[in-house]
Amino acid sequence: MRDLDVDALSRRYGPMVLRRCRRLLGDEEEALDACQDVFLRVIERRTRLHGEYPSSLLYRIATNVCLNRLRDRRRNPVTRDETVLYEIARTGEPGGLSEARLLLDRLFGRHPESSRTMAVLHYVDGLTLEEVAAETGMSVSGVRKRLRGLRASLTEIIG
């Protein structure tokens, strides 16, 4: 079968793929992202894939996508400090915003402005260390060192 109808596959098998992603990842947001990745991979390869057994194909792709995400998670674990930075970046509460702003002012007051840029690119925009390095003109190890310094300062501030 040539050129799979990805839209029809998504409507019919999307719930199955999402259940598989939820089961493997244990996180709703990450499962939704992984589910989208599955169908993006199908779109990218739709002329080369065989649609003879679509549920098996999608199940296998979903498993591989999730296993890759789990492997990446183990290689680059999110520390407690990074979790705090993510929460601060995504806070939506009016009172929380001013508290977060005070914490960020204290944190970034100890570091160069470029460290703030790196933190936003990595933690808020989701860029990889390599992408942050390319954007800022620094080496990956330099970016990693700056972010490690920010995490150390955060740990010191929140005690």
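The values are calculated or read from the model by the stated rules, or taken from the named source; none is laboratory data. On a predicted model such as this, the values are computed, not experimentally measured, just so you know. All Cβ positions, even for glycine, are placed from backbone atoms using ideal geometry, and neighbour counts span all protein chains on display.
For every residue, the table says whether it meets (1) over 10 Å from A62 (Cβ atoms); (2) assigned by TED's automatic domain parsing to the domain that holds L67; (3) of a type in the set (S, T, N, Q); (4) modelled with pLDDT under 90.
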| position | (1), (2), (3), (4) |
| --- | --- |
| M1 | yes, no, no, yes |
| R19 | no, yes, no, no |
| C35 | no, yes, no, no |
| I43 | yes, yes, no, yes |
| R46 | yes, yes, no, yes |
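The set of residues in segment 7-30 that are free of Cβ contacts under 8 Å to residues at least 24 places away in the same chain, assigned to a helix (DSSP H, G or I) and within 21 Å of the chain's Cα centre (by Cα) comprises L18, R19, R22, R23, E28, E29.
Tallying residues that are at pLDDT below 85, of a type outside the set (A, V, I, L, M, F, W, C) and surrounded by 13 or more Cβ atoms within 10 Å (Cβ to Cβ) within segment 48-68 yields 2.
Pairing residues of segment 56-68 that are assigned to a helix (DSSP H, G or I) with residues that are of a type in the set (V, I, T) and crowded, with 16+ Cβ neighbours inside 10 Å, at Cβ distances under 6 Å and at least 6 apart in sequence or on separate chains, gives L58/V17; I61/V38; A62/V17; A62/V38; V65/V38.
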